[in-house]
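Derivation of every value follows stated rules applied to the coordinates shown; laboratory data play no part. Here the structure is a predicted model, which means the values were calculated and not measured. Here the Cβ positions follow ideal geometry from the backbone for every residue, glycine too, while neighbour counts run over all protein chains shown.
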Amino acid sequence: MYALIYDDHKLDQPPKKIISVHKTREEAEKALLQRQIELGKRVYECNTRIVWTDKAVTAADVIDTGEFVTWRAGEDIPEGELNSNSD
């Protein structure tokens, strides 16, 4: 399942709080856009990202970094996500 997680990028605090769960990436992207609107911030300012997990989770659960990945196995990854913008 896809989940929006609160990710403040603090490497010393690996467990991440789940904000919401979704059956499809499209639903998760809509939820992320709605969160941006509610917070009045850009996506990189929201400390929120979409992840995939095989673990059964619900909103407000906590998930460890080893229990999720950015992209589901077999999922088409956009070209911009495959290559770094830096040299």
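Only Cα pairs under 8 Å and 6+ residues apart enter the sum, and on that basis the relative contact order of the chain stands at 34 percent. Multiplying the residue separation of ALA56 and GLU79 by 0.36 nm and removing their Cα-Cα distance gives an extension gain of 5.3 nm. Estimated translational diffusion coefficient (Stokes-Einstein, Kirkwood radius over Cα pairs, 10 °C, 1.306 mPa s) of segment 23-86: 117 µm² per second.
Each Lys and Arg contributes +1 and each Asp and Glu -1, all at the Cβ; summed about the Cα centre of the chain, the dipole is approximately 340 debye. In order along segment 43-50, phi translates into HN-Hα couplings of 4, 6, 8, 7, 6, 9, 8, 8 Hz, rounded to whole numbers, per the Karplus curve 6.51 cos²θ - 1.76 cosθ + 1.60 with θ = phi - 60° and x for Gly and Pro. One chain, two ends: ASP12 and VAL69. Fully extended at 0.36 nm per residue, the span grows by 18.7 nm beyond their Cα-Cα distance. For ILE19, nonlocal amide neighbours, meaning residues 5 or more places apart or on other chains whose placed amide H falls under 5 Å from its own, are LEU4, ILE5, TYR6, ALA60. Considering only LEU11, VAL51, LEU33, and ranking their Cα positions along the charge dipole of the chain that arises from unit charges at the beta-carbon of Lys, Arg, Asp and Glu, the one farthest toward the positive end is LEU33.
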